[in-house]
Amino acid sequence: MKTNSLGFIGGGRITRIFLQAFANKKSEFESVVVYDTNNEVLTLLKKQFPAIEIVDSVSTAAKQGIVFIALHPPMIMETLDKIAGTVSAKTVVVSLAPKITIEKIASKLKTKNIVRMIPNATSYINEGYNPVTFKPAFAQNEKSVILEMLKLLGNTFEVAEPKLEAYALLSAMLPTYFWFQWNELSKLGIQMGLNEEESKASVQQTLIAAINLMFKSELLPEQVMDLIPVKPIGEHQSQIAEIYHTKLMGLFEKIKP
């Protein structure tokens, strides 16, 4: 796939994930331009992806055909002010943050081609679960091009904009609720006598099967959980559930538009 020039405003984790996903698929673009205020971040990014162009002007990144806003929500509106004079009516702007709505973005820019997407770290291996919303006035021919490109990241699908923040909690951030646990279990397996390969395989394969059992068996959740009688940390389940409710709903309220 070879299309358009890409501009990334922000060179952090999300930009690195996107660039790796594109590299995995050997995707080619006219150019890939990245701007960030942190030179150390840019140096590391350039080392990993030598073909990208590092620029010291946010306007240069905003001149590209497709512009990704890879910034935290508090920085977005002031950045849109800075690039408003550069973004043309034909520019496609893709915001990768929660909270800042298409309406707010449109209030600063003259383009109708505005997209919001909640990206996922698993896109690093092209297995993302990435919801996307287009501004209603988005040109259909441009929309097809953008969807084709974003599907390189994994499962990319359209949703209503008010649902994006829920996906931020239940897709984008979801791995963080479990990664550290899987890592600790792998370490315990080694302490119990398995080698590293055996321990990792046990955790990985059982997790995949357990997820499939929960969501594909057609059993009720209670029936699935009753299949194993011994629950070593069962006495802590209510406490863990309360942590989920308190922390995640609290964060959801903060990131809602």
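Readers should treat all values here as calculations from the given coordinates under stated rules, not as data from a laboratory. A quick note: this is a predicted structure, and the numbers were derived from the prediction, not measured. Neighbour counts run over all protein chains shown; Cβ positions are idealised from the backbone, glycine included.
Odds and ends about this structure:
- For the chain, the relative contact order comes to 14 percent (Cα pairs under 8 Å, sequence separation of at least 6).
- Percent antiparallel among DSSP beta bridges (both partners in the chain, rounded to 5): 10
- Around I211: net Lys/Arg minus Asp/Glu count, Cβ-Cβ under 15 Å: -1
- Choice from L227, L96, L150 showing the highest fluctuation, given a GNM over the chain with Cα pairs closer than 10 Å: L227
- Using θ = phi - 60° and Karplus 6.51 cos²θ - 1.76 cosθ + 1.60, couplings along segment 91-100 (whole Hz; Gly, Pro as x): 5, 9, 10, 10, 8, 10, 10, x, 6, 7
- For the listed residue pairs K26/K63; K26/K110; K110/K151; K82/K143; K143/K256, the alpha carbons are over 30 angstrom apart in K26/K110.
- Linear extension gain, K110 paired with A84, 0.36 nm per residue minus alpha-carbon span: 8.6 nm
- Each other residue within a Cβ distance under 13 Å of L45 adds +1 if Lys or Arg and -1 if Asp or Glu, for a net charge of +1.
- Between segment 52-66 and segment 175-244, the alpha-carbon centres lie 44 Å apart.
- Neighbourhood charge, 14 Å Cβ-Cβ cut-off, centred on P119 and excluding it, Lys, Arg +1 and Asp, Glu -1: +2
- The protection proxy used here, the mean number of other Cβ atoms lying within 10 Å of each residue, ranks peptides 105-117, 200-212 as follows, highest first: 105-117, 200-212.
- When only alpha carbons of the chain are considered, Rg and Dmax amount to 21.0, 64 Å.
- If R0 equals 22 Å, the separation of the Cβ atoms of S217 and F180 corresponds to a calculated FRET efficiency of about 0.20.
- Lysines whose Cα lies under 21 Å from that of K254, excluding same-chain neighbours fewer than 8 positions away: K99, K104, K163
- Under 25 Å from the Cα of K200 - lysines, other chains or at least 8 residues apart: K187, K216, K231
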